[in-house]
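Read the structure below first, then the notes.
The values are calculated or read from the model by the stated rules, or taken from the named source; none is laboratory data. Predicted model only: the values in this text are computed from it and were never measured. When we count neighbours, we look across all protein chains shown, and the Cβ atoms used for this are built from the backbone with ideal geometry, even at glycine. Side chains are part of the model used for accessible areas, which takes the heavy atoms of the whole protein and leaves out ligands, DNA and RNA. Shrake-Rupley method; radii C 1.70, N 1.55, O 1.52, S 1.80 Å.
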Amino acid sequence: MPRILVTNDDGVYSEGLRKLAAALQPIGEILIVAPDREQSAASHALTLNRPLRLLQLEKNEWIVDGTPTDCVNLGVLKLMKDDRPDIIVSGINYGPNLGDDVTYSGTISAAFEGSLLHIPSVAFSATVGEHFSFDRCADFAARLVVRLLDAAPEPGIILNVNFPVGEFAGVRITKLGRRIYTEGIVERLDPRGRSYFWIGGGAPSWQPQEGTDFEAIESGHVSITPLHLDLTHHESIPRFKPLEAILGGPAQK
Ligand code: MN
């Protein structure tokens, strides 16, 4: 039986994680290692400035008082250290993780952490709205995981999977879309007259562009985007190359 590590950023009690683990049950040996509370937008944070606790809830279920990245590390390097997982599955997140927003995502970062540990990893996120169903998404997720166990992506590549709200019109292999950022800070006054702030006011909108994850979701398709951690902008290297000589020599007053 393949060994499957399941994590998320919505916390251990989230419906998306429960449905995902249940759908994966027939195809592998499941170990859930998830945050003890919601960690959405935790990004790739790793807890280094305080101790972490690992608490067992059930035979195959553990919680961590930390981030999704902490969960993957403790899952792989502690709980499964003698018999590493064959795949790491993150989600199913409540809400999509598309385009420029992927770097905020704890769901996706858990998968990236898996890839850093040389384990095939996949992240699942569901757009939420009328006729939305975690069951439908979990069913698809299990079918994809079977494929990935058979033919894993090359090391360092993760799959970012997003589900549309309703019935699936099909599947699209996509690139990341571009978000149109709106003025995102909402300022209010508390009862004592002091300001407080909420980040992220309006609903996100996206540049219409063919082949993107956003377009796939808009047209009712499941979006699968292969991602890697290398953020290098290779085309810019020649442009900045002269700085090596200009700034690399003795300092000029
Ligand atoms: Mn989340």
Could you work out the Kirkwood radius for the stretch 138-246, taking every pair of different alpha carbons, averaging 1/r and inverting it, reported in Å? 17.8 Å
Just need the relative contact order of the chain here, percent rounded to a whole number, with Cα pairs under 8 Å and 6+ apart. 17 percent
Can you tell me how the stretch 92-170 classifies by the Cα gyration tensor, rounded, prolate or oblate, using a/c under 1.5 as the rounded cut? oblate
Per residue, how many Å² of accessible area does the stretch 6-104 show with a 1.4 Å probe? 46 Å²
Here, Leu77 and Trp198, labelled 7 Å along Cα→Cβ, have an inter-label distance in nm of 3.8 nm
Members of Lys19/Lys81; Lys59/Lys175; Lys19/Lys78 lying beyond 30 Å, as alpha-carbon distances in this model show: Lys59/Lys175
How long, wide and thick is the stretch 25-166, going by the Cα atoms along their three principal axes, in whole angstroms, largest first? 41, 31, 30
Please state the charge dipole magnitude for the chain, taken about the Cα centre, from unit charges on C-beta atoms (+1 on K and R, -1 on D and E), reported in debye and rounded to the nearest 20. 600 debye
Within the stretch 71-109, the residues whose backbone N lies under 16 Å from a label point placed 7 Å from the Cα of Arg3 along the Cα-to-Cβ direction are 72-89
Can you give me the pair-distance distribution of the stretch 1-54, C-alpha pairs, 5 Å bins, whole percents? 4, 18, 24, 22, 15, 11, 4, 1
What is the distance, in nm, between label points placed 7 Å from the Cα along the Cα-to-Cβ direction at Val146 and at Arg84? 2.7 nm
Measuring from centroid to centroid over Cα atoms, what is the spacing of the stretch 237-252 and the stretch 18-33 in Å? 52 Å
Let me have the 222 nm mean residue ellipticity of the chain computed from DSSP H runs of 4+ only, each contributing -39500 (n - 2.57), with the sum over all residues rounded to the nearest 500. -7000 deg cm²/dmol
State the antiparallel share, in %, of DSSP beta bridges confined to the chain, rounding to the nearest 5. 40 percent
Hey, what did the stretch 80-152 get for relative contact order, percent, Cα under 8 Å, at least 6 apart? 36 percent
Using a probe of 1.4 angstrom, how much of the accessible area of the chain is carbon and sulfur, in percent? 55 percent
Equivalent ellipsoid semi-axes - Cα gyration tensor, the stretch 1-103, angstrom: 20, 17, 13
Per the 1/(1 + (r/R0)^6) rule, R0 = 35 Å and r from the Cβ atoms of Asp230 and Asn49, FRET efficiency to 0.05 is 0.80
Please work out whether the chain counts as rounded, prolate or oblate from its C-alpha gyration tensor, where a ≥ b ≥ c are the square roots of the eigenvalues and a/c under 1.5 means rounded, while otherwise a/b larger than b/c means prolate and anything else oblate? rounded
Which value, in debye to the nearest 20, gives the size of the charge dipole of the stretch 104-253 about its Cα centre, when Lys and Arg are +1 and Asp and Glu are -1 at the Cβ? 540 debye
